[in-house]
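We did not get these values from a lab; they are worked out from the coordinates using the rules stated. Nothing here was measured: the structure is a model prediction, and the numbers come from that model. Don't worry about glycine lacking a Cβ; one is built from the backbone with ideal geometry, like all the others, and counts go over all protein chains shown.
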């Protein structure tokens, strides 16, 4: 992907997204021993950066494609993002969700105008159902992370961060399907000044860490993490970009994720979801790595179930 | 108090406080049916606007007074604010707290460097103990709300709000001891363009509402509200300012406070304390009053016990 594509992507989506603020905390800097800048995508529309990629992907469709709608499979933030982006642009969004998805997730998608199609809770079933919608409705499938237009969109958060602070040494982001880190790495490559990108992943779902070691896309046998946005795996578009542009991945434990999340809630008074806390937990864990650096963190989202908090 | 005093106060405290952001939410505007701007004092140092008044009061002391320290009685945000402001300015802070105060409140004061003196949980006991500290240590007593320097300091939040948006029709703030609303009313009077100030109070502690009706300072027989920052009563400095400059007070129920708090947490992804939610609850309750107005709300603070949430 070229620099020009990212610039055009940002111009394209700007009318439909929020320019989120960059916040800092003296106290958290003191605790982390490093100067950290939080790009608050928890304040993004629908509460997560996924709004960027979803919007870009829909805006790239032809008029005819838009008329037939879009389809994705997701029970997380991308389901909500595609629903809201589609609604904002007058497009129909079909969301394939496992029948076992929490009621609160289904309600959120419905609220944003998404049309839910339930399927059995397996990868095969959701792929088959998405394919069926593509065939029957002529809807365009948009993958939550492994789609170049989605990746470009997600990269615009880091572009904005670097517009405000061109001198970051390191930008840290959580890694799930890899859309955010791939886009961030492209943005850092084109717009940063020797800015490296580091991923953060729970030990419990360290497929990206292992993928970088082995040189091929690895899976997770289990996904016992509180960071529910990071359970997905890399794809054939995200992985090569991560291999080429990402410096490394720091893994963190579940307790560290919860502690980092609590620190941000208590000290910064902002609501971040566990997946977002993974990036700050990585900075707290690897203090030597970040020492004397200027560090940016993309707070990926703030969608939590307040009835089910880990503290 | 003159306009000049407020301007000088703001200049005096600016190096020691955060300039907090003003946030908005399309979704909350839609729900409230009115355009609302939230001045986020939950992002203030130590998590509440009280930092402003405490800092101003200490900065007004003579060198000799500063050498002998300051004393207050509070188990809430002012205890923490005076502790941190004093610490920042190299002054000793004695905080008289009832022995029954929650451990988490005591810990917070200690963390900010305050020196806690416990007393029996009665108004008489805490006043007597504060007097004792004044006499024995030569410390200067600073009242949490009924002090003109504190009032001026609290008014600077509204000054900043009006600097960014000079055209507010109404500014809404919660009312406890009256320091915030008295300062806000002064700021709106001097810096607003026909900007009225409305207070918000729980039905359970509607002493200010009743005081405005009766023309004298009323008390609360009981204080069964979740808005723990609003249990205190008006004083002889705050009440006359409120009588002169405040348009009226809207009362809200406990369920409304909790619902407003939850809305802000879920939709804006910011942590506000119950006392702050009272102001937004008032806007949600009295939709006709605020219709077609440009409304500012001062989010007074974000200090909550995450282990003890009302939802």
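Report the residue, chosen from A:291, A:262, A:50, that carries the largest GNM mean-square fluctuation when chain A is represented by alpha-carbon nodes joined by springs under 10 Å.
A:291
Any idea what diffusion coefficient segment A:67-197 gets from Stokes-Einstein, in µm²/s, Kirkwood Rh on alpha carbon pairs, 25 °C, 0.890 mPa s?
The calculation lands on 156 µm²/s.
Nearest 500 deg cm²/dmol is fine: what mean residue ellipticity at 222 nm does chain A get from its DSSP H runs of n ≥ 4 alone, each adding -39,500 (n - 2.57), divided by its residue count?
-13500 deg cm²/dmol
Mind grabbing the base-10 log of I(q)/I(0) for segment B:272-311 at q = 0.18, 0.31, 0.32 Å⁻¹? Debye formula, identical points on the C-alpha positions, no solvent, two decimal places.
Per q value, in the given order, log10 I(q)/I(0) is -0.57, -1.06, -1.09.
Just to confirm the number: angle between the C-alpha axis of helix A:274-285 and the first principal axis of chain A, 0 to 90 degrees, nearest 10?
With both axes taken from Cα atoms, the answer is about 20 degrees.
Please compute one quarter of the surface area of the Cα convex hull for segment B:1-96 and express it in square nanometres.
Over all viewing directions, segment B:1-96 projects a mean Cα-hull area of 7.9 nm².
Which distances, shortest first and in nm, link residue A:244 to the matching position in the other copies, using label points set 7 Å out along Cα to C-beta?
Residue A:244 label point versus its equivalents elsewhere: 6.9 nm.
Calculate the translational D of segment A:194-311 in whole µm² s⁻¹ from Stokes-Einstein, where the hydrodynamic radius comes from the Kirkwood formula applied to all Cα pairs, the temperature is 37 °C and the viscosity 0.692 mPa s.
Taking Rh from Cα pairs, D becomes 221 µm²/s.
What's the whole-number percent of alpha carbon pairs in segment B:222-261 lying beyond 15 angstrom? Walk me through the numbers before you get to the answer.
Details: 434 of 780 pairs.
I get 56 percent for the Cα pairs in segment B:222-261 exceeding 15 Å.
Quick one: divide the alpha-carbon radius of gyration of chain B by 2.2 N^0.38 Å and tell me what you get.
Here the Cα radius of gyration is 0.93 times the empirical estimate.
If the elastic network links every pair of Cα atoms under 10 Å, which of B:166, B:121, B:240 fluctuates the most in the Gaussian network model of chain B?
B:121
For segment A:113-135 and segment A:153-181, what is the centre-to-centre distance using only Cα atoms, to the nearest Å?
Measuring centre to centre over Cα atoms gives 31 Å.
When you have a sec, figure out the Kirkwood radius of segment A:51-141 from all distinct Cα pair distances and drop it here in Å to one decimal?
12.7 Å
By how many degrees, 0 to 90 and rounded to 10, does the Cα axis of helix B:77-88 deviate from the longest principal axis of chain B?
60 degrees
If R0 is 30 Å, what FRET efficiency do you get for residue B:203 and residue B:311 from their C-beta distance, rounded to 0.05?
It comes out at approximately 0.95.
Given the C-alpha centroids of segment A:40-61 and segment B:13-29, what is the distance between them in whole angstrom?
Taking the Cα centre of segment B:13-29 as reference, the centre of segment A:40-61 is 24 Å away.
On a 0 to 90 degree scale, rounded to 10, what angle separates helix B:3-13 from the longest Cα axis of chain B?
60 degrees
Compute the Rg to Rh ratio over the protein assembly as shown from the alpha carbon atoms, using the Kirkwood formula for Rh, and round to two decimal places.
Rounded to two decimals, Rg/Rh equals 1.01.
Determine the percent antiparallel among the DSSP beta bridges restricted to the protein assembly as shown, to the nearest 5.
The antiparallel fraction comes to roughly 10 percent.
Bin all alpha-carbon pair distances of segment B:30-72 at 10 Å intervals from 0 and give each bin's fraction as a whole percent.
Cα pair-distance distribution for segment B:30-72, in percent: 22, 32, 24, 12, 8, 2.
Nearest 0.05, what FRET efficiency do residue B:31 and residue B:222 give at R0 = 41 Å with Cβ-Cβ as r?
The calculated FRET efficiency here is 0.85.
For segment A:138-242, compute the orientation-averaged projected area of the C-alpha convex hull (one quarter of its surface), in nm².
Projected area, direction-averaged: 7.5 nm².
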